[in-house]
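What follows is a set of notes on a single structure, which appears directly below.
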Amino acid sequence: MINGYYISSQNADMNLSVIHHYISQSYWAANIPLSTMEKAVNNSLCFGVFTKAGEQVAFARMVTDKATFAYLADVFVLQEHQGKGLSKWLMDEITAHPQLQGLRRMLLATKDAHGLYKQFGFTALKSADSIMELHKPNVYQ
C-alpha cells in the first residue's frame, strides 16, 4: 500500500461499472458496450488501483499470451486521483508482473501519454512498415 492506495491484478477485484464508465467516454473506445468491456476484462490480465476503502481509481489491462507478446490497453487514472504518481506505480507493477516477464514484444497505442511510457522503455516503432492493422474506429457507434 502506498499513500492509502493498493494495486490488485485479480480480475475479480475490478469494478466493471467504473471501468466501463471511463472507457466508454474515452477517445479510443467511445460508446463501447458494457458486454464488450466485460468480455475484454474477463479475457485480459487486469490491474487496478484502489483506495483503502476499495474504490477503484485506476485501471490497465494486458492482452497477452503470457509467453511472447502483450498489448497494453485501456489505461486510466480518474482525474481526482491524478498527480499522485499512480500511473507510474501502476506501470512499475505491470512491467514487473511475473506473468509478463521474458516477452519478445509489448505494444501499446497512445495519443497523449508518450512521456509516461518512455520512462518504462517504450519507444516509437523502429520498423513501422512491419506492423499492420485492421482498424475499425467506429465499431461502437
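The values are calculated or read from the model by the stated rules, or taken from the named source; none is laboratory data. As the structure is a computational prediction, the values presented were derived from the model and not from experiment. So basically every Cβ, Gly included, is an ideal-geometry build from the backbone, and we count neighbours across all protein chains shown. Protein only, heavy atoms only, side chains kept; ligands, DNA and RNA dropped before computing areas. Shrake-Rupley method; radii C 1.70, N 1.55, O 1.52, S 1.80 Å.
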- Message: Given the criteria in a loop (DSSP other than H, G, I, E, B) and free of Cβ contacts under 8 Å to residues at least 24 places away in the same chain, does A124 qualify?
- Response: yes
- Looking for whichever is open to solvent by 70 Å² or more (accessible area, probe 1.4 Å) and of a type in the set (F, W, Y) here; the options are Y71, Y117. Which one fits? Y71
- Enumerate the helices (runs of 4 or more DSSP H) found wholly within region 1-98, keeping only those where 3 or more residues are under 17 Å from Q119 (Cβ atoms) and not charged (D, E, K, R). 86-96
- Mind listing whichever residues of region 1-20 are open to solvent by less than 30 Å² (accessible area, probe 1.4 Å) and either among the hydroxyl-bearing types (S, T, Y) or free of Cβ contacts under 8 Å to residues at least 40 places away in the same chain (or both)? Y5, S8
- Item | Residue within region 54-64 that is within 20 Å of K84 (Cβ to Cβ), open to solvent by 10 Å² or more (accessible area, probe 1.4 Å) and in contact with a Gly (Cβ under 8 Å, 6 or more places away or on another chain) present | no
- Message: Just to verify a result, which residue in region 22-53, among those that are more than 12 Å from the chain's Cα centre (by Cα) and closer than 19 Å to N3 by Cβ, is most open to solvent (accessible area, probe 1.4 Å)?
- Response: K52
- Query: Residues in region 84-105: is at least one modelled with pLDDT of 95 or more, of a type in the set (V, I, T) and open to solvent by 40 Å² or more (accessible area, probe 1.4 Å)?
  - Reply: yes
- Item | Close pairs (8 angstrom Cβ cut-off, 6 or more residues apart or separate chains): of a type in the set (F, W, Y) in region 21-32, open to solvent by less than 10 Å² (accessible area, probe 1.4 Å) anywhere | Y22/F59; Y22/F76
